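> After the structure tokens below, expect a handful of questions from me.
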Amino acid sequence: ATELKKLDSVLVGISHSKSRARMPSSQGDRYNYLSRLYAFSTVEPYELVARSGLFCFGFPDDQDAKSHDVGVGNEYNELTKGKRLELYGTTYNCPNIHFAVSLIEKEGDKNKLIVSYGVNDCVPRFLQ
């Protein structure tokens, strides 16, 4: 594999994974969704150079609710919190369904990314 320290730059993406089968939950059997970041080289053969573990994006919190960001203050925010991720008997403070839609470099700060994603197929969110 290519060593990260030798690369001038990498390309970054987000993958979206669905559980292979419906999983039992307090709300009936359902699929669960998780994400992962990955990086690959910018030259052929475009080798994978890094990948994160699986994770989930969160719900808006009280601090978010005070802002005027897209997706914050939406009356459906509280309703979506009823569908939390449940895996093997543990409930997590993140949505059962989330789907990253875009990943962009922050203007003026190449060390930061902005991710837009949907929460439980209901409300939009941005994350920096």
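The values are calculated or read from the model by the stated rules, or taken from the named source; none is laboratory data. Nothing here was measured: the structure is a model prediction, and the numbers come from that model. Here the Cβ is made from the backbone with ideal geometry for all residues, glycine too, and neighbour counts use every protein chain on show. Note: areas computed on protein heavy atoms with side chains; ligands, DNA, RNA excluded. Shrake-Rupley method; radii C 1.70, N 1.55, O 1.52, S 1.80 Å.
> Step by step: first the residues of segment 6-16, then only those that are surrounded by 12 or more Cβ atoms within 10 Å (Cβ to Cβ) and at pLDDT 85 or above, then the one that is nearest to residue 95 (Cα to Cα). Which residue is that?
16
> Kindly list the number of the only condition in (1) assigned to a loop (DSSP other than H, G, I, E, B); (2) at pLDDT below 80; (3) among the hydrophobic types (A, V, I, L, M, F, W, C) that fails for residue 59.
(2)
> A further question on this structure: Name every residue in segment 85-122 that is free of Cβ contacts under 8 Å to residues at least 60 places away in the same chain and of a type in the set (A, V, I, L, M, F, W, C), in order of residue number.
Of everything in segment 85-122, those that are free of Cβ contacts under 8 Å to residues at least 60 places away in the same chain and of a type in the set (A, V, I, L, M, F, W, C) turn out to be 85, 94, 101, 104, 114, 122.
> Given the criteria modelled with pLDDT under 90 and either outside any loop (DSSP other than H, G, I, E, B) or closer than 21 Å to residue 114 by Cα (or both), does residue 53 qualify?
No; evaluated as a whole, the condition is false for this residue.
> Let me ask you something else. Is segment 74-86 home to any residue that is within 25 Å of residue 18 (Cβ to Cβ), aromatic (Phe, Trp, Tyr), open to solvent by 100 Å² or more (accessible area, probe 1.4 Å) and modelled with pLDDT of 80 or more?
Within segment 74-86 (the criterion being within 25 Å of residue 18 (Cβ to Cβ), aromatic (Phe, Trp, Tyr), open to solvent by 100 Å² or more (accessible area, probe 1.4 Å) and modelled with pLDDT of 80 or more), the answer is no, since none of the residues qualifies.
> If the Cβ limit is 9 Å and pairs must be 6+ apart or interchain, which residue in segment 11-23 that is without any contact (Cβ under 8 Å) to a residue 12 or more places away in the chain pairs with which residue that is exposed (fewer than 11 other Cβ atoms within 10 Å of the Cβ)?
Note: pairs meeting the criteria are 21/29; 22/28; 22/29.
> Now for a separate question. Every residue in segment 83-128 that is assigned to a strand (DSSP E or B) and of a type in the set (Lys, Arg), please.
84, 106, 110, 112, 125
> A follow-up question, please. Is segment 21-30 home to any residue that is part of a loop (DSSP other than H, G, I, E, B), among the polar types (S, T, N, Q) and surrounded by 14 or more Cβ atoms within 10 Å (Cβ to Cβ)?
Scanning segment 21-30, I find at least one residue that is part of a loop (DSSP other than H, G, I, E, B), among the polar types (S, T, N, Q) and surrounded by 14 or more Cβ atoms within 10 Å (Cβ to Cβ), so the answer is yes.
> Out of (1) open to solvent by less than 90 Å² (accessible area, probe 1.4 Å); (2) part of a loop (DSSP other than H, G, I, E, B); (3) at pLDDT below 80, what's the single condition that is false for residue 64?
It fails just one condition, (2).
> Further, regarding this structure: Name every residue in segment 31-49 that is open to solvent by less than 40 Å² (accessible area, probe 1.4 Å) and of a type outside the set (Ser, Thr, Tyr), in order of residue number.
Correct list: 32, 34, 39, 49.
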